[in-house]
């Protein structure tokens, strides 16, 4: 059995197959994701300053920035799969980033409910960010703690790696549960609004036809972003639960599709359909 305790670069004694991921991260794919998240980070910051939407701006900008840093770490690992700095960067940042994107979705849901018909919501609108962003912060703390523990293990301390892994799994599971409850409340709200024709009244009284279309686009975008973030979190559960270096963790294609692509779709949609452009309750 190879002793990889002191491995710092690829060599006959330290092959790529012996790394945690067992592969050299694809440069093109990871560079593409880094570029997209870098652009979204800048756009969200600029639009956010102009719109003065503090919570949404912080959530999307920080989420995009963390994704950017995470993929820079993976690019470093392309150059050297044994790069400990890159390994730690991508563990911590790519685990944490989706929680910030989810926080932006929770913030938007509160304002959608307030605008369309707060009386149709089973939960008072003001409680949406308090409850769901609060739970999101809890999951961020758990995932950050787990990522910090795993990152400090430096691949050689299996007990510490497993401990960090278990903490991260707890944080992701908590995040999935939080999103599940939010999704149920969101679907119930939509059903009650459609049943009572509440939104038709709002359209007639408050919105022009062009604004109605934009608002619908934003709501559809919110749903897509919610589903893609949820898919990513569900994927991460078995990926992390199998332990470091498990077969699923060593399949980059699955990671790029079920993590990278899912969060990219969510962030790009929320950036293009930013509330400043699509939601009259933000502008008025």
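When the range 171-193 is filtered for residues that are closer than 20 Å to residue 118 by Cα and either more than 17 Å from the chain's Cα centre (by Cα) or surrounded by fewer than 22 Cβ atoms within 10 Å (Cβ to Cβ) (or both), the ones remaining, listed by number, are 181, 183, 184, 185, 186, 187, 188, 189, 190, 191, 192, 193. Taking the range 27-37 as the range and being crowded, with 17+ Cβ neighbours inside 10 Å and farther than 14 Å from residue 265 by Cα as the test, the residues that pass are 29, 30. Checking 76, 90 one by one, the residue that is touching a residue at least 12 places away in the same chain (Cβ under 8 Å), under 29 Å from residue 245 (Cβ atoms), within 18 Å of the chain's Cα centre (by Cα) and assigned to a helix (DSSP H, G or I) is 90 and no other.
Filtering the range 63-81 to residues that are surrounded by 20 or more Cβ atoms within 10 Å (Cβ to Cβ) and modelled with pLDDT under 95 leaves only 81.
Cβ-Cβ distances below 6 Å connect the following pairs, each with a first residue in the range 1-13 that is farther than 11 Å from residue 84 by Cα, a second residue that is at pLDDT 85 or above and surrounded by 11 or more Cβ atoms within 10 Å (Cβ to Cβ), and a separation of six or more residues or different chains: 2/18; 4/14; 4/18; 10/16. Annotation: residue 226 fulfils all but one of (1) more than 22 Å from residue 90 (Cα to Cα); (2) more than 18 Å from the chain's Cα centre (by Cα); the unmet one is (2).
Against the definition (surrounded by fewer than 17 Cβ atoms within 10 Å (Cβ to Cβ) and outside any helix (DSSP H, G or I)), how does residue 24 come out, yes or no?
yes
When residues of the range 224-233 are filtered for being in contact (Cβ under 8 Å) with a residue 40 or more places away in the chain and either surrounded by fewer than 18 Cβ atoms within 10 Å (Cβ to Cβ) or in contact with a strand residue (DSSP E or B) (Cβ under 8 Å, 6 or more places away or on another chain) (or both), how many remain? Qualifying residue count, the range 224-233: 1. Only one entry of 35, 17, 31 meets the criterion of being touching a residue at least 12 places away in the same chain (Cβ under 8 Å) and either farther than 17 Å from residue 256 by Cβ or outside any loop (DSSP other than H, G, I, E, B) (or both), and that entry is 31. Here residue 162 fits the description: under 16 Å from residue 240 (Cβ atoms), in a helix (DSSP H, G or I) and modelled with pLDDT of 70 or more.
Residue-by-condition table, conditions (1) crowded, with 16+ Cβ neighbours inside 10 Å; (2) under 18 Å from the mean Cα position of the chain (by Cα); (3) free of Cβ contacts under 8 Å to residues at least 40 places away in the same chain; (4) in a helix (DSSP H, G or I):
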position	(1), (2), (3), (4)
235	yes, yes, yes, yes
239	yes, yes, yes, yes
244	yes, no, no, no
256	yes, yes, no, yes
264	yes, yes, no, yes
268	yes, yes, no, yes
277	no, no, no, yes
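Looking at the structure I just gave you, is residue 146 at pLDDT 85 or above and crowded, with 17+ Cβ neighbours inside 10 Å?
Judged against the criteria, residue 146 is not a match.
The values are calculated or read from the model by the stated rules, or taken from the named source; none is laboratory data. These numbers come from a predicted model, not from an experiment. Note: ideal-geometry Cβ built from the backbone for every residue, glycine included; neighbour counts use all protein chains shown.
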